[in-house]
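Chemist: Encoded as structure tokens, here's the structure I'll be asking about.
The values are calculated or read from the model by the stated rules, or taken from the named source; none is laboratory data. As the structure is a computational prediction, the values presented were derived from the model and not from experiment. FYI the Cβ positions are ideal-geometry reconstructions off the backbone, even for glycines, and counts take in every protein chain you see.
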Amino acid sequence: MKSLPAILAAIGLIGLLLISQDETRITAAPDGEKPFPDFSMPTLGGENWRLSNQRGHITLLNFWATWCPPCREETPDLVQLSDDYRSRGVIVVGIAMDGENQIAIRSFVNQFRMRYPILLPAPETPMLQAIDALPTTLLLDDRGRRVVTYQGILPVTAVRREFDRLLAASQPSQAVRPSR
């Protein structure tokens, strides 16, 4: 007979999958949001990635798993967003929720030609407790504050609008001074 923790984990995974196949839930952050708590994680390439090092850049944190059908569906759009906005200072980061299955993660990354950092959280990472659906994506502004949380497949057009809005807001004023 299987242990109770294993059964509960399986039920939780099924719940994540079922929730993630629903429509996308979009939650705006409250005004005055403080910067997202700093964290660091190893990347699939072996480097250490730290959120606070991204200050000054708009950052999109995407929590996904190789076994998640909506994650597979949205990944080509994430790759395109990264390619389109990287030169403008937007950082797309994937956080793989597959545990220690680096073989499956590498295969997925290669299949989808993901050219952005893929982070490998430890199972006991506190932040992971807040993720109750996959995919979940957090959009952070250039000061590290959460702007929007997306649960479900990323609405690409809305994300592009948010990127453009945040990029325009982070640009120094280009107002022309009246001549004397």
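Chemist: Quick one: which residue in THR43, THR136 is within 26 Å of ARG165 (Cβ to Cβ) and in contact with a strand residue (DSSP E or B) (Cβ under 6 Å, 6 or more places away or on another chain)?
Modeler: Numbers: THR43 fails: within 26 Å of ARG165 (Cβ to Cβ).
Unique residue meeting the criteria: THR136.
Chemist: Look at GLY99 and say whether it is in contact with a strand residue (DSSP E or B) (Cβ under 6 Å, 6 or more places away or on another chain) and on the phi > 0 side of the Ramachandran plot. Talk me through it step by step, then tell me what you get.
Modeler: Working: in contact with a strand residue (DSSP E or B) (Cβ under 6 Å, 6 or more places away or on another chain): no; on the phi > 0 side of the Ramachandran plot: yes.
Spelling it out, it is not the case that GLY99 is in contact with a strand residue (DSSP E or B) (Cβ under 6 Å, 6 or more places away or on another chain) and on the phi > 0 side of the Ramachandran plot.
Chemist: Please go through segment 36-83 and give me each residue that is within 14 Å of GLY94 (Cα to Cα) and of a type in the set (A, V, I, L, M), ordered by number.
Modeler: Within segment 36-83, MET41, LEU44, LEU51, LEU60, LEU61, ALA65, LEU78, VAL79, LEU81 qualify.
Chemist: Now, a different point. Could you tell me which of the residues ARG160, ARG115 is surrounded by fewer than 19 Cβ atoms within 10 Å (Cβ to Cβ), at pLDDT 95 or above, within 16 Å of the chain's Cα centre (by Cα) and assigned to a loop (DSSP other than H, G, I, E, B)?
Modeler: On the way: ARG160 fails: assigned to a loop (DSSP other than H, G, I, E, B).
Testing whether each residue is surrounded by fewer than 19 Cβ atoms within 10 Å (Cβ to Cβ), at pLDDT 95 or above, within 16 Å of the chain's Cα centre (by Cα) and assigned to a loop (DSSP other than H, G, I, E, B) leaves just ARG115.
Chemist: Only one of (1) surrounded by 14 or more Cβ atoms within 10 Å (Cβ to Cβ); (2) out of contact with any Pro (no Cβ under 6 Å at 6 or more places or on another chain); (3) modelled with pLDDT of 95 or more is not met by ILE153, so which one is it?
Modeler: (2)
Chemist: When ASN48 is evaluated against the numbered criteria (1) at pLDDT 50 or above; (2) of a type in the set (S, T, N, Q); (3) closer than 20 Å to LEU81 by Cβ, which criterion, by number, is the only one it fails?
Modeler: (3)
Chemist: Mind listing whichever residues of segment 31-54 are over 16 Å from ILE118 (Cα atoms) and surrounded by 14 or more Cβ atoms within 10 Å (Cβ to Cβ)?
Modeler: GLU33, PRO35, PHE36
Chemist: Against the definition (assigned to a helix (DSSP H, G or I) and farther than 18 Å from PHE39 by Cα), how does LEU167 come out, yes or no? Let's see the steps before the verdict.
Modeler: Numbers: assigned to a helix (DSSP H, G or I): yes; farther than 18 Å from PHE39 by Cα: yes.
For LEU167, the condition - assigned to a helix (DSSP H, G or I) and farther than 18 Å from PHE39 by Cα - is met.
Chemist: Please work out if ARG88 is under 19 Å from VAL148 (Cβ atoms), touching a residue at least 24 places away in the same chain (Cβ under 8 Å), over 15 Å from the mean Cα position of the chain (by Cα) and surrounded by fewer than 14 Cβ atoms within 10 Å (Cβ to Cβ). Before the answer, list the steps.
Modeler: Working: under 19 Å from VAL148 (Cβ atoms): yes; touching a residue at least 24 places away in the same chain (Cβ under 8 Å): yes; over 15 Å from the mean Cα position of the chain (by Cα): yes; surrounded by fewer than 14 Cβ atoms within 10 Å (Cβ to Cβ): yes.
So ARG88 passes the test.
Chemist: Give the residue that is farthest from THR43 (Cα to Cα), with candidates limited to residues of segment 116-127 that are touching a strand residue (DSSP E or B) at 6+ places or on another chain (Cβ under 9 Å) and not small (Gly, Ala, Ser).
Modeler: Just the residues of segment 116-127 that are touching a strand residue (DSSP E or B) at 6+ places or on another chain (Cβ under 9 Å), to begin with: 116-122, 125, 127.
Checking the rest, the ones that are also not small (Gly, Ala, Ser) come to 116-121, 125, 127.
Working: TYR116: 10, PRO117: 6, ILE118: 5, LEU119: 4, LEU120: 6, PRO121: 9, THR125: 15, MET127: 16 Å.
Here the residue is MET127.
Chemist: What are the residues in segment 93-111 that are touching a residue at least 40 places away in the same chain (Cβ under 8 Å) and either of a type in the set (Ser, Thr, Tyr) or over 11 Å from LEU44 (Cα atoms) (or both), if any?
Modeler: Filtering segment 93-111 down to residues touching a residue at least 40 places away in the same chain (Cβ under 8 Å) leaves 93, 95-96, 102, 105-109.
Passing the criteria: VAL93, SER107, PHE108.
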